[in-house]
Each structure stands twice: as structure tokens, then as C-alpha cells.
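Notes follow the structure.
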Amino acid sequence: MRLSPFRFEENTFWLLDQRKLPFEEAWVPCRSAAEAAQGIREMVVRGAPAIGVTAAFGMVLAHLSGENPAEADRLLRQSRPTAVNLFYALGRMKPHWGDLEASLREARAIWAEVEETEQAISRHGARVLKGQVLTHCNTGPLATGGYGTALGAIVEGYRQGRVQHVWVDETRPYLQGARLTAYELQKAGVPATLITDNMAAYLMGKGQVDVVILGTDRMAINGDFANKIGTYSLAVLCHYHGIPFYPALPLSSVDPTLKSGQDIPIEERSALEVTHLHGVPIAPEGFPAAHPAFDVTPHHLITGIVTEKGVLYPPFDEALSAALGIEP
Ligand code: MRU
């Protein structure tokens, strides 16, 4: 059975606690929007599409628990700043604020669309993959609630015999690659090897990486995109080594209000996530540490953008506008 990061049962939205994976499968109940917002903020659930679905159900919980919808919306909007899917989902929930049945229908629709779009993303993405693939962070079912974006394409590419092997970046400092992508690929039976993030250049230099595919938290209309910290360095490495580089995303991860990636808000997380591993210090006590959780990759480093409407090629502003059905 496919992994799922959440389920809705008896008026409770249950989150699989991703902080404890792969060592323990524990479920956290959310019975209010405040609890859903806390689950997002504390990374019980993470990944752009998955936090969008959680926010949508958070608004359903607001009805059920009697919270003020404007206050619930505000709390959810403040939970994490970078992935636009959160704001996209809350925007879709707003017209249904006074109506529980309509809210539930809309939240379920947002979740169902994640599944549909990711089936298409996986199909289109598989076509650009071959041989040895490198990926970063976690973009599988745990990050989305569906098939996965970049990881969906990788699994489909393997099923088709196009992908032979996957290099999994551990993704410091939060280790989404080591803890979650490795766990998902193991369950999917795809041959893969874990590497630390600083090994990518070495492997590329030896000709052992044929293509890089990864996720997206927010893409501006010119194709610049925010994704997990470390994505930009992979894009630069691919450019240097002549390796194709693809972000994969549902079109709901595009923010058409942003002309370029410069205005994407980048989340700063606790320095303790850098100075400690699972609560164990790895630096002198009190030593300062920086923790930008995402970086922005400029569009000119992208080979193609994998979406549910196909793979888009430059000029990206025109291709993205056409895919979204808006004026360039
Ligand atoms: O901080 P996270 O774990 O929420 O970051 C997740 C990522 O950066 C993913 O690559 C992105 O959300 C795409 S998920 C399909």
C-alpha cells in the first residue's frame, strides 16, 4: 500500500509524524486549525503539496471545533512562509468559510487533485529520465499525499526501465533525503544509494550522474524557483558538468504574482537544527549557526520544468503563462 502522510477520520485529521521516520510510524491527531498549523510549523507534516492539503483540512477542523475562520486562516498562513501551495489551498477554502459541507468537499477536491496531477507529472517526468538519477530532499508520497512529484517520476522511470539507480542526497540539515526519500525508495524497491550533499560534484565529475530531478516549493512566473537548501548548488554543478536539471511541480506551485524568484520569502529555521543532530550537539555549545531552509535557483540553470501539462522548455515565462492560461 502507498504511504500517506495523513488521513481524515471521525472529524480528526491524523498526521503521520515525519519527525520520527524512518524509525517509528506514529500518528498525531489534529482536531482544530490551531493543531493543524502547529503540525505544519513543527514539521510533523512537510512538503509543499502535503502542507497545502493539511491547511485545507485545517479549515474544515476550524468549523468542527468552532474556531473563528478568519483567525484559523491567519494561523495557518503563518505556519510556514515559502511553499505557495499552503496559500493556494487557503485561497480555495475561503469562499466556503461559512459552510462545513462545502469546505469538506473542497478540501477533498484539493487532495484528489494532488493525486491526479502527480500521476501526470510522474508520466511526463519519467520520459526525461535515464540511467543514474540524483535527487534532493523528499518529493514522494510523504511530501504530497499523492504519488509524489520528482520521486513519482523516478519510480515511474524505474518501472519503465529508464532509470537504473538513484543517488539520494541526505539533505542537511533536516535529513529529508536520508530519513524519508531513502525510506520511500526502499519501500518502492528502487535501487538507490545515500550520499552526503557534498558528494554530488565528485560523482558528476566521474560521469556517474545522468540527470537531476527534484521538487519545488514556489516558482515565479519566469521559472526561478525556491526549493530545499542545496538545490541551487546542484543546479550550478549540473550547468558546469552539462547534466540536465529538472524541477518537477504541480502548476499550483507556481506563484503568478511573482515576476522573479527574488521576492520568494525564504524560511529561516532554528539554528539548533544545524548545531544538533537528533538532539545531540555537533558543534561547541552556543556557537552561532545559520539555517535558511530554502534557496532560489535562477531559471537559466533549468533544462525543463516537469508539470502535469507536460515538460515546459524556455522561454519559461511564456510556457508557464500558457500552461496557467494567463497573459505573459
Ligand atoms: O522543508 P520541507 O521538508 O517542507 O521541504 C520540502 C521540499 O523542499 C520539497 O522538495 C518540496 O516541498 C517539493 S515536495 C513535492
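Taken together, the residues in region 231-262 that are over 14 Å from the mean Cα position of the chain (by Cα) and within 19 Å of R80 (Cβ to Cβ) amount to 4. What are the residue pairs meeting all of these: first residue in region 223-235, first residue not assigned by TED's automatic domain parsing to the domain that holds P256 and crowded, with 24+ Cβ neighbours inside 10 Å, second residue of a type in the set (D, E) and part of a helix (DSSP H, G or I), Cβ atoms under 9 Å, and 6 or more apart or on different chains? From region 223-235, no pairs qualify. Determine, yes or no, whether E10 is on the phi > 0 side of the Ramachandran plot, among the charged types (D, E, K, R) and away from the ligand (no atom under 16 Å from the Cβ). The answer is yes for E10.
Among the residues here, F57 does not qualify as in a helix (DSSP H, G or I), surrounded by fewer than 23 Cβ atoms within 10 Å (Cβ to Cβ), among the aromatic types (F, W, Y) and under 21 Å from the mean Cα position of the chain (by Cα).
The criterion of being of a type in the set (A, V, I, L, M, F, W, C) and either in contact with a helix residue (DSSP H, G or I) (Cβ under 6 Å, 6 or more places away or on another chain) or within 12 Å of the ligand (Cβ to nearest atom) (or both) does not hold for V128.
For L134, the requirement of being touching a strand residue (DSSP E or B) at 6+ places or on another chain (Cβ under 6 Å), over 27 Å from A271 (Cβ atoms) and hydrophobic (A, V, I, L, M, F, W, C) is met. Of all the criteria given as (1) of a type outside the set (G, A, S); (2) more than 11 Å from the ligand (Cβ to nearest atom); (3) touching a Phe, Trp or Tyr at 6+ places or on another chain (Cβ under 7 Å), the one not satisfied by L185 is (3). Among the residues in region 94-107, are any assigned by TED's automatic domain parsing to the domain that holds A248 and over 18 Å from F6 (Cβ atoms)? There is no residue in region 94-107 that is assigned by TED's automatic domain parsing to the domain that holds A248 and over 18 Å from F6 (Cβ atoms). Based on what the data block shows, is V168 free of Cβ contacts under 8 Å to residues at least 60 places away in the same chain, within 26 Å of G52 (Cα to Cα) and away from the ligand (no atom under 12 Å from the Cβ)? Taking the combined requirement at face value, the residue satisfies it. For region 94-110, the criterion of being within 16 Å of the ligand (Cβ to nearest atom) and more than 19 Å from R41 (Cβ to Cβ) is satisfied by at least one residue.
Of everything in region 263-283 that is in a loop (DSSP other than H, G, I, E, B) and away from the ligand (no atom under 13 Å from the Cβ), the residue that is nearest to the chain's Cα centre (by Cα) is P265. When G145 is tested against (1) in contact (Cβ under 8 Å) with a residue 60 or more places away in the chain; (2) surrounded by fewer than 24 Cβ atoms within 10 Å (Cβ to Cβ), exactly one condition is not met: (2).
Which condition breaks for A112 when tested against (1) under 20 Å from E308 (Cα atoms); (2) among the aliphatic types (A, V, I, L, M); (3) touching a residue at least 24 places away in the same chain (Cβ under 8 Å)? Going through (1) under 20 Å from E308 (Cα atoms); (2) among the aliphatic types (A, V, I, L, M); (3) touching a residue at least 24 places away in the same chain (Cβ under 8 Å) one by one, A112 breaks only (3). Looking at A48, A36, just one residue is buried (at least 17 other Cβ atoms within 10 Å of the Cβ), within 17 Å of the chain's Cα centre (by Cα) and within 16 Å of the ligand (Cβ to nearest atom), and that residue is A48. For region 132-144, taking the residues that are within 18 Å of L237 (Cα to Cα) and not in a loop (DSSP other than H, G, I, E, B), the one that is nearest to the ligand (Cβ to nearest atom) is identified as T135.
The values are calculated or read from the model by the stated rules, or taken from the named source; none is laboratory data. Quantities reported herein were computed from a predicted structural model and do not represent experimental measurements. Cβ atoms come from the backbone with ideal geometry, glycine included; neighbour counts cover every protein chain shown.
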